[in-house]
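This report concerns only the one structure given below.
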Amino acid sequence: MKTTAKSILVMGVSGSGKSHIGRQLAAAMGATFIDGDDHHGPDNIAKMSRGEPLDDNDRASWLATLSDLYRDYHDQGRDLIIGCSALKRGYRDQLRQAAPDLKILYLSGSRRVLLERLESRGGHFFAGAHMLDSQLATLEVPGADEAIRMDIRQPPREIVEHFLEAMSESDDD
């Protein structure tokens, strides 16, 4: 049986725990984790730092960069997990073009919980309730056919364990 590199997207709005869960998932799998935020260009970071939401044009080159990363890691036979908001299905479709077997973990939470998390962290360029509201308004929630959904109120260890179990079950199909 041929094994292939795994490509995983940990998605959700800001404050959902993409980086934290992504790092734990990567450690559990022996995979590489890349925080999508680290690949925003300076113009995007400046815009978000001013409290201005990104639009589709702002995200285009960023998504292309993330797609290239999925393709490169897959071609090298290496497992890759990227934490990225991937708010719209079209964005996720673009990532899937580079990684056709992409598995998606959607971290879901209420506005209240997300805002509490955002307000408790410092030193991040994403700031403000209105930015969160913009992301929530833009979010096209993935269905069960597209992603495995986990509630962010669960302990991170449980989220990782449940996702790995669900991924294993889908690989058995």
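Scanning the stretch 132-149 for residues that are closer than 13 Å to L87 by Cα, assigned to a loop (DSSP other than H, G, I, E, B) and of a type outside the set (D, E, K, R) yields L139, V141, P142, G143, A147. Restricting the stretch 27-54 to residues that are touching a Lys or Arg at 6+ places or on another chain (Cβ under 9 Å) and acidic (D, E) leaves a set whose member that is farthest from I81 (Cα to Cα) is D37.
Do we have V160 as more than 15 Å from I21 (Cα to Cα), open to solvent by less than 30 Å² (accessible area, probe 1.4 Å) and β-branched (V, I, T) here? Can you show your working first?
Working: more than 15 Å from I21 (Cα to Cα): no; open to solvent by less than 30 Å² (accessible area, probe 1.4 Å): yes; β-branched (V, I, T): yes.
The answer is no for V160.
Filtering the stretch 1-23 to residues that are assigned to a loop (DSSP other than H, G, I, E, B) and open to solvent by less than 40 Å² (accessible area, probe 1.4 Å) leaves A5, G12, V13, S14, G15, S16, G17. All of D79, D101 fail the test of being surrounded by fewer than 16 Cβ atoms within 10 Å (Cβ to Cβ) and of a type outside the set (A, V, I, L, M, F, W, C), apart from D101. Among the residues making up the stretch 24-68, those that are modelled with pLDDT of 90 or more, open to solvent by 30 Å² or more (accessible area, probe 1.4 Å) and among the aliphatic types (A, V, I, L, M) are A27, A28, M29, A60, A64. Here the stretch 82-98 is the region considered, the condition is being assigned to a loop (DSSP other than H, G, I, E, B) and open to solvent by less than 10 Å² (accessible area, probe 1.4 Å), and the residue that is nearest to M29 (Cα to Cα) is C84. Against the numbered list (1) closer than 19 Å to D171 by Cβ; (2) without any contact (Cβ under 8 Å) to a residue 60 or more places away in the chain; (3) within 12 Å of the chain's Cα centre (by Cα), L105 comes up short only at (2).
From A86, A147, A99, which residue is touching a His at 6+ places or on another chain (Cβ under 8 Å), of a type outside the set (D, E) and in contact (Cβ under 8 Å) with a residue 60 or more places away in the chain? Let's see the steps before the verdict.
Values: A86 fails: touching a His at 6+ places or on another chain (Cβ under 8 Å); A147 fails: touching a His at 6+ places or on another chain (Cβ under 8 Å).
Answer to the check: A99.
The values are calculated or read from the model by the stated rules, or taken from the named source; none is laboratory data. If you're wondering where the values come from, they're calculated on a predicted model, not measured in any experiment. Cβ sites come from the backbone with ideal geometry, for glycine too, and all protein chains shown count toward neighbours. Accessible surface areas use protein heavy atoms only, side chains included; no ligands, DNA or RNA. Shrake-Rupley method; radii C 1.70, N 1.55, O 1.52, S 1.80 Å.
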